[in-house]
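Here's the structure, in structure tokens; my notes come after.
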Amino acid sequence: MTIRVLVVDDQAMVREGFAALLGAQDDIAVVGQAENGAIAVEMAAIHRPDVVLMDVRMPVMDGLEAARRILADASPARLGDPAAAGPGPDGTDISSAPAGVTHVLMLTTFDVDDYVYDALRLGASGFLLKDALAEELVAAVRIVASGEALLAPSVTKRLIEQFALSRARPQLSRERLDGLTERELEVMTLLGRGWSNQEIAAELFIAQQTVKTHVSKILAKLELRDRVQAVVLAYDTGLVQPGS
């Protein structure tokens with residue numbers, strides 16, 4: 001299947017360079033380019049890309065706000081409501097665009113970026129440095145399009161723990177986790193510590209496939225997009241403490 005990508009960056013050379021590189025791949029189609037977050041939100045509603053490659057810092061509307069709006073999935077048409085299908089922001093009929101889940105991959109200049117943690121909390125599937133190699137960019141788009149988080153569990157854990165230690169973060173009620181079974185709560189805790197499926201399976205003496213099943217159920221029950229969001233939620237609810 002072809003991966004539909006929307007490239008968002010206020011620097012024309014960067015934007016067009018990424019678009020040219022991705023468009024040259026047999027399995028990737030660039031469905032649009034946007035120079036700021038406001039335009040990105042409009043284009044995402046029209047084209048419904050599989051992946052939005054989103055710069056963080058842009059004029060008019062930054063990437064964080066644009067990601068929030070796109071990931072909120074405000075258009076009921078995306079959820080299969082025929083009553084909501086119809087003209088998009090520019091008059092284009094969005095009812096004919098292919099339905100699917102949109103994943104956001106954030107672009108940043110620095111790997112230690114205050115925006116990164118907020119983006120992950122909002123549901124971004126990961127982040128990529130702007131100076132990444134061409135093959136890394138292509139691989140990142142494919143990974144995110146498949147529904148996986150871009151960051152390895154241990155990297156995600158280190159990143160989030162760094163910001164959890166240095167910044168005040170919202171304390172969410174543990175009641176958010178009440179729907180989880182005892183075993184799912186155990187898996188959720190280990191997810192929050194940055195453990196891989198293999199490590200969780202060894203710790204709990206269960207098969208890796210069983211771990212995958214538990215992770216899928218956790219994400220579904222908590223309405224999370226991927227395990228990155230699960231790590232964020234584990235910290236925000238106090239299930240996992242920095243340094244644990």
Residue hits (the stretch 104-113; modelled with pLDDT under 65 and either open to solvent by less than 10 Å² (accessible area, probe 1.4 Å) or under 13 Å from the mean Cα position of the chain (by Cα) (or both)) are D113
Exception for V31 within (1) part of a helix (DSSP H, G or I); (2) farther than 20 Å from E135 by Cβ; (3) open to solvent by 10 Å² or more (accessible area, probe 1.4 Å) falls at (1)
>> Quick check on A220: is it among the hydrophobic types (A, V, I, L, M, F, W, C), open to solvent by less than 70 Å² (accessible area, probe 1.4 Å), part of a helix (DSSP H, G or I) and without any contact (Cβ under 8 Å) to a residue 12 or more places away in the chain?
In response: no
Those residues of the stretch 59-71 which are open to solvent by 10 Å² or more (accessible area, probe 1.4 Å) and under 18 Å from L137 (Cβ atoms) amount to none
Practice task
Within the stretch 47-58, identify whether any single residue is modelled with pLDDT under 90 and either open to solvent by 40 Å² or more (accessible area, probe 1.4 Å) or closer than 28 Å to E223 by Cα (or both), and answer yes or no.
Solution key: yes
Reported set for the stretch 193-212 where residues are assigned to a helix (DSSP H, G or I) and of a type in the set (V, I, T) is I200, T210, V211
Of the candidates R158, R183, R121, the one satisfying the condition of being in a helix (DSSP H, G or I), open to solvent by 60 Å² or more (accessible area, probe 1.4 Å), modelled with pLDDT under 70 and farther than 27 Å from L21 by Cβ is R158
Taking the stretch 231-244 and keeping residues crowded, with 21+ Cβ neighbours inside 10 Å and either touching a Phe, Trp or Tyr at 6+ places or on another chain (Cβ under 9 Å) or in a helix (DSSP H, G or I) (or both) leaves V231, V232, L233, A234, Y235
The condition of being at pLDDT 80 or above, β-branched (V, I, T) and surrounded by 15 or more Cβ atoms within 10 Å (Cβ to Cβ) holds, among V138, V116, V101, only for V138
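The values are calculated or read from the model by the stated rules, or taken from the named source; none is laboratory data. Just so you know, these numbers come straight off a predicted model, no measurement behind them. All Cβ positions, glycine included, derive from the backbone under ideal geometry; neighbour counts span all protein chains shown. Accessible surface areas use protein heavy atoms only, side chains included; no ligands, DNA or RNA. Shrake-Rupley method; radii C 1.70, N 1.55, O 1.52, S 1.80 Å.
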